[in-house]
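Chemist: Dumping the structure here so I can ask a few things about it.
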Amino acid sequence: MQTVYTFGGGANHDDPRARDKTVTGGKGANLSEMASIGLPVPPGFTITTEECVRYLQHGADFSDDLRREVTKALIHIENTVGKRFGDAADPLLVSVRSGARVSMPGMMDTVLNLGLNDETVKGLAAVSGDDRFAWDSYRRFIQMYSDVVLGLDHGLFEEALEIAKEDRGYFTDTEMNAADWRSLVAEYEAIVKRELGQPFPQDVQAQLWGAIAAVFDSWDSERAKVYRRLNDIPGDWGTAVNVQAMVFGNMGDTSATGVAFTRDPSTGEKAYYGEWLVNAQGEDVVAGIRTPQYLTRRARELSGSDKPSMEEAMPEAFAELARTFELLERHYRDMQDIEFTVERRKLWMLQTRSGKRTAKAALKMAVDMAAEGLIDEKTAILRVDPMALDQLLHPTLDPEAPRDVLGKGLPASPGAASGKIVLDADTAETWSAKGEKVVLVRVETSPEDIHGMHAAQGILTARGGMTSHAAVVARGMGRPCVSGASQISIQLSERTLTVGAAQLMEGDTITIDGATGEIMRGQVPTIEPELAGDFGTLMEWADRHRRMKVRTNAETPDDCRKARQFGAEGIGLCRTEHMFFDAARISAVRQMILAENEAGRRRALAKLLPEQRSDFVEIFTTMAGLPCTIRLLDPPLHEFLPQADADFEELSRTLEVSIDHLRRRAAELHEFNPMLGHRGCRLGITYPEIYETQARAIFEAACQVTARGGEPVVPEIMIPLVGTRRELAILRKLVTETAAQVFAEREMQLDYLIGTMIELPRAALMAGEIAQEARFFSFGTNDLTQTTLGLSRDDAANFLSAYVEKGIYARDPFVSLDIEGVGQLISLAAERGRAAQPGIKLGICGEHGGDPASIAFCESLGLDYVSASPYRVPIARLAAAQAAL
Ligand code: ADP
Ligand code: MG
Ligand code: MG
C-alpha cells in the first residue's frame, strides 16, 4: 500500500485514495483536491493514517517503505520549488502539519519553517534579501519545534522574548530588527542546550523525522484520547502527516496571512467573512498578538475600524481570493473555512474544509444554497443537525443585553426564562394564576412538583444532573431548566435563597439560561424564535420526504396547541395521571386512593369524571380529528398520597374518618419498589372502576365533540404496563363494554382503537399473543429501558455519567435508545406483533421519540410513527426525513 501521496506542482492527483479522508486525513485530502482543481497550493506530501497506525503498533518504528517514499516525495517538493532541503545557499523550508479524518484538538500543533539551522538561515537571508525576515523565521521555528516536538515549556522562550524587548525599550515584536532576532536565536539555542543537555537539532533530516514522529505520537496523547472519548472517535483511525513547502506571509508589506469563511458562519448570510494580517505568519491571526483586520470593505465599514481591509489594501490578491471562494463553494457545494497566505502579492491556499456554523446559519445556508441550485432539497435536509433546531425553537437571551451572572449550573433544558423566584410548586401555581411570571427554584423536583413546573417559566434546581427529574420533565414540557447549581442554598423557612455570594428573596426576579446554565439577577431581555422563513421552508421539505408520522406527547390543551404549531400530526401519548396531579383535583384523587372499598372509590371517581371529561373535550377539540392515544392511569398510587399534616387534616374532614385511620391506610399503600409495584394495568385489574371511569370520560368527551359537528374523534385507548395477554383481554372487555354503554346512552357510534404499551420485556417477547387483543402497540421505551437494563431512571443519575465516561454505555440509554439491547426487543415485538396481526399500528413514545439516532432506528423497523414532546416535534420531523432519505 502506498504510504505517501504528493500534491501540488506536477503531482498526479488521480488516485482516489489521495482524496479519501480516511487515508490522507481531512487536511491532506482537501489539499490534494484543491491542487487537482488548479488552485495555487504549495507543493507537499501526505503520509497516510495507515502508516500512523502501523507506526504506533510497531513500537514507534518507521517502515522502510515510508522512509523511501518520504525521500522521493521530498524530491517532488524540491523540484517543484527549485530549492533543496538543507541547502545552505538556498534552503527549502517546510511545514509539518497533523491531520486526522476529522479536525481534532489535542493533536500536534503545526511546526512552520522546518529546515532552518545556523547555516541555512544565512542562505535564506541572502536569497530573500531580508535579514530580519530570515532571523525572525528561525526564532519562530526554534520556539515551535522546541515546544511541540522537543516538549520544552514554551514559557521559557516567551519570557526570553519579553526580556529582550524590555532591554531594548520595545513594546511590540515588530520593533525587533534583524540583529535583535539574531541575538534572541542565540539565547533560544542556549535555553535548549541547558534544558535538554543537547544542542538544538541542526540536521534537517533529523528535524523532519522528529516532527513526523511527534505527529504520530500525538495521536496517543492524553489530550487526544480524552477528546476522542468525548466525541465518539475510534482510537484506531490514526492521523495523517502533511509536509508542505513554506510560503511566507511575513516577507514585508506585500505579504499577508488570513483565515476566511465563504459565508458568515454565525448568521449564514452570503457575505465573505474573515480576518487577515499584513506581514505575518500563520498562527499570528489566531494567537491574538496583533489585532487582525477585516477582510472586506463592507465588514470594516460596519465595524467602524480605520485599519484597511484586505479588499482595500491588496485589491488584486483579494480579487483572486474571492474568485477562489466561489470556485470552492461550487466544488464542495458547501460553506468553506479557508486558510490562505499571500507571499509578495501571490495568493496561496493552505487549507479548506466545510466550516462549522451555528444552527441559525446552518438553516439559512441550507435553504439559500438549495435556492441557488448549489444543492438539492434532499441535501439541504441532510445539512441541518436536527438537535441543533432545539436552539432555535425557544426564546433566547438578547446577546446585546448586559447580564449580572450570579452562578452557574448544568444546561439541562434549552431556552431562557425570567420571572419571580418561587420556592414551591403551589406558590408557583397561585402566583402564575394571578398573572405573575415565576421561576421555580427547588433543591430538586419530584412528581409532586409537576403542576408548579407547568406554571413556571423556568426551573432551577440545586441538585441533580442532566437526566434528573427536573431536567427530563422540563425538556418534555419545553421549559428552560438549569439543574445541579451547587452554589445555591435554599432557606425554606425564611423564604430566601443564596446564589454564591448573592442573597435573594422569594419574589425577586431572576433569569436563567438553559443553554449555558447561567443564573442572572433581574430580567434579561429575550428574543423570540423565528418559526416561519427558513425554518418553515426546511420543515416543509422534511415533511415531503419523511415516511413516519410525528405525533406528540401532550396532556394539556396548551401543549397540544404548541405541538400542532410545531407540526404534530396527533397525540402519541396523553398521560392521564398528569390531570390527576392538578391541585384542584388532588383531594378527590386522594379520596379515591384511600377509600376502603369500591363504593368509596366510586364516590370519589364520580367527582373526577366531569373534570376528566372536560379535559378530553378540550384536547379533542384542539386536536381536531387527529389521532389521540390516551393512556389510562399508570403511576404508583403512593405518588398521590398526602404528605403534609394539613393535607391529612383536610382529607379527614371531607371523608369524615380519623387522621389515624388515614395514616394507617397510607402506610398500607407504602411500597418498597413502586416502579415495579401496584401501577399500570395492575390498578385496572384490581380497581376496575378507575379505568372504567376514565374510559367513560374519554368516550363521553369524544361523543360530545363529534356531536358538535367537528371532525369525528377516533380515540386510541392505551393500556399501560401489560405483561400478559390475559391482562389486556380483561381490560379490553372492560373498555369495550364501557364504550357500548356510552354509545347506547348517547345514541351514537364512534370508531375507537384499544391497544397497549410495550414496556416490559415479557410483553415484547409475548407480542404475538398480546397482539391478538391489540389494534396498536406503542413502545414505551422509558420503562422498557428501565426494565430491560434493570436500571432505575430516578436512581441512575449518580453513576450513569461514570458509565458513559468509561464507555460502558455509548450514550445515556434514557436519552438515546440502547439499540443493541433494548432495540432487539422492539424489533422482535414489531415482527411478532405484525405476524399475529398484519397491519397493527406501531409507534414509539417516551424521550427516545425525539432523539435522532433512535428515530433512525424506528424508521429502519418501519414503525408508523414516533411521538415526542412538543418542542421535539420539529426535531423528530427533520430526523424522520433524514432517516428516510
Ligand atoms: P491547524 O489545524 O491548527 O489550523 P495548520 O496545519 O492548518 O494547523 O496550520 C497552522 C497555521 O500555519 C495556519 O495558519 C496555516 O495556514 C499555517 N501554515 C501551515 N502550513 C503552512 C505553509 N506551508 N506555509 C505557510 N503557512 C503555513
Ligand atoms: Mg488550519
Ligand atoms: Mg411507562
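Read-outs: derived from the displayed coordinates by stated rules, not from any lab. Just so it is clear, the structure is predicted and the values come from calculations on it, not from any experiment. Cβ: placed from backbone, ideal geometry, glycine included. Neighbour counts: every protein chain shown.
Chemist: To the nearest 20 debye, what is the magnitude of the charge dipole of the chain about its Cα centre, counting +1 on the Cβ of each Lys and Arg and -1 on the Cβ of each Asp and Glu?
Modeler: That gives a dipole near 1940 debye.
Chemist: Now for a separate question. Considering only Gly129, Leu784, Pro712, whose Cα is most displaced toward the positive end of the charge dipole of the chain, charges sitting on Cβ of Lys, Arg (+1) and Asp, Glu (-1)?
Modeler: The listed residue farthest towards the positive side: Pro712.
Chemist: Pop out the ³J(HN,Hα) list for region 610-620 in order, Karplus 6.51 cos²θ - 1.76 cosθ + 1.60 with θ = phi - 60°, rounded to Hz; leave Gly and Pro as x.
Modeler: These are the phi-based 3J(HN,Hα) values: x, 5, 4, 4, 5, 4, 5, 4, 4, 5, 4 Hz.
Chemist: Can you return the lysines within cross-link range of Lys607? Criterion is Cα-Cα under 28 Å, with same-chain partners fewer than 8 residues away left out.
Modeler: Within reach: Lys434, Lys733.
Chemist: In nm, give the distance between the simple-model label positions of Asp660 and Ala88, each being 7 Å from the Cα along the Cα-to-Cβ direction.
Modeler: 10.9
Chemist: For region 476-519, which GluC sites (Glu not before Pro) are both in a DSSP coil and crowded by at most 11 other Cβ atoms within 10 Å?
Modeler: Glu494
Chemist: Using Cα atoms only, what is the angle between the long axis of helix 688-707 and the major principal axis of the chain, expressed in degrees (0 to 90) to the nearest 10?
Modeler: Taking Cα atoms only, the helix is inclined about 80 degrees.
Chemist: Rounded to the nearest 0.05, what FRET efficiency do Gln57 and Gln205 give with R0 = 30 Å and r taken as the Cβ-Cβ distance? Could you check?
Modeler: On the way: r = 24 Å, r/R0 = 0.81.
Computed FRET efficiency for Gln57 and Gln205: 0.80.
Chemist: Between Lys434 and Asn177, what is the label-to-label distance in nm when each label sits 7 Å out along the Cα-to-Cβ direction?
Modeler: 7.8
Chemist: Additional query: Report the charge-dipole magnitude of region 4-245 in Debye, nearest 20, computed about the Cα centre from +1 at each Lys and Arg Cβ and -1 at each Asp and Glu Cβ.
Modeler: On the way: 25 positive and 38 negative charges, 126 e Å.
It works out to roughly 600 debye.
Chemist: For Lys356 and Glu611, what does the FRET efficiency come to when R0 = 56 Å and r is the distance between their Cβ atoms, rounded to the nearest 0.05?
Modeler: 0.65
Chemist: A further question follows. Want the number for Leu302 to Val443: 0.36 nm per residue separation, take away the alpha-carbon distance, what's left?
Modeler: Value of the extension gain: 46.1 nm.
Chemist: Taking amide H positions as placed in the peptide plane 1.01 Å from N, state which residues far from Phe779 in sequence (5 or more) or on other chains have amide H under 5 Å from it.
Modeler: For Phe779, the qualifying residues are Ile758, Gly843, Ile844, Cys845.
Chemist: Using alpha-carbon pairs under 8 Å, 6+ residues apart, how would you state the relative contact order of the chain in percent?
Modeler: RCO, the chain: 9 percent.
Chemist: Could you give the length gained by full extension between Arg67 and Gln491, i.e. 0.36 nm per residue of separation minus their alpha carbon distance, to one decimal place?
Modeler: This chain segment gains 145.6 nm when fully extended.
Chemist: What FRET efficiency comes out for Ala884 versus Glu166 if R0 is 45 angstrom and r is the Cβ-Cβ distance? Round to the nearest 0.05.
Modeler: Computed FRET efficiency for Ala884 and Glu166: 0.10.
Chemist: Of all DSSP beta bridges in the chain, what percent run antiparallel (nearest 5)?
Modeler: DSSP beta bridges in the chain are roughly 65 percent antiparallel.
Chemist: Here's a follow-up. Tell me what the chain gives for mean residue ellipticity at 222 nm when only DSSP H runs of n ≥ 4 count, each as -39,500 (n - 2.57), the sum divided by the residue total, rounded to 500 deg cm²/dmol.
Modeler: My calculation for the chain gives -14000 deg cm²/dmol from helical runs alone.
Chemist: Between Leu531 and Glu283, what is the label-point separation in nm under the 7 Å Cα-to-beta-carbon projection?
Modeler: It is 4.9 nm.
Chemist: Report the GluC sites (Glu not before Pro) located in region 536-628 that are in a DSSP loop and have at most 14 other Cβ atoms inside 10 Å of their Cβ, or state none.
Modeler: Those satisfying the criteria are Glu596.
Chemist: In nm, what is the difference between 0.36 nm times the number of residues separating Tyr227 and Gln824 and their Cα-Cα distance?
Modeler: Result for the pair: 211.9 nm of gain on full extension.
Chemist: Which entries of Lys21/Lys364; Lys356/Lys437; Lys225/Lys360; Lys83/Lys346; Lys360/Lys562 show an alpha-carbon separation above 25 angstrom in the structure shown?
Modeler: Correct reply: Lys21/Lys364; Lys356/Lys437; Lys225/Lys360.
Chemist: Report the dimensions of region 256-357 along its three principal axes from the alpha-carbon atoms, largest first, rounded to Å.
Modeler: Principal extents (largest minus smallest coordinate, Cα): 33, 28, 26 Å.
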